Amino acid sequence: ETIELSRFAVEHGAAGILVAPPWYYDATPAGTARYFGAVIEALPADARVFLYHIPAQTGVPIEDETIRELRDRYGPPVAGAKDSSGDLEHATRFADFHNDRLAPLAAEMVAWGPDVLIAPGPASVAAG
């Protein structure tokens, strides 16, 4: 269903899609990487996928290593993320990793979820 809806969105002009990790089947880090990989591989090469880190709702964190693996394997289609974890340390690590990788891509970003992170979030990546 995620693939079908993502294809529909891209085919109808969506600039990118926001995808939460699987929380029902195979919610291990390896399973999460396979899930995101399957979505990315099913989309056109110019589609942009934003990872949605919202562990309070899914019960599944997107681990730093999973993010690195996806960026290394798929490159630009892994366009950024929305971090709604409420964990400033995680969000900062995530932004630091993506800042170097995404800075040349003006449309891509790390989006901060909870309002409490709005001020410290952009300040931590202001150079990017």
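The values are calculated or read from the model by the stated rules, or taken from the named source; none is laboratory data. What you see is a predicted model, and the numbers here were worked out from it, not measured in a lab. Here the Cβ is made from the backbone with ideal geometry for all residues, glycine too, and neighbour counts use every protein chain on show. Just the protein is used for accessible areas: all its heavy atoms, side chains included, with ligands, DNA and RNA removed. Shrake-Rupley method; radii C 1.70, N 1.55, O 1.52, S 1.80 Å.
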Cα-based shape type of the stretch 17-72, given that a ≥ b ≥ c are square roots of the gyration tensor eigenvalues and the cut on a/c is 1.5: prolate
Probe 1.4 Å - accessible area at residue 2, Å² to nearest ten: 50
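Ranked from highest to lowest mean number of other Cβ atoms within 10 Å per residue, what is the order of the peptides 80-88, 14-22?
Details: 80-88: 20.2, 14-22: 17.7.
Ranking the peptides 80-88, 14-22 by packing returns 80-88, 14-22.
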Two-site FRET efficiency, residue 89 against residue 7, from Cβ-Cβ distance with R₀ of 41 Å, rounded to 0.05: 0.70
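State the dimensionless ratio Rg/Rh of the stretch 1-98 (Rg: radius of gyration of Cα atoms; Rh: Kirkwood radius). All intermediate terms of the calculation are to be shown ahead of the outcome.
Numbers: Rg = 12.7 Å, Rh = 13.5 Å.
Ratio of gyration radius to Kirkwood radius: 0.94.
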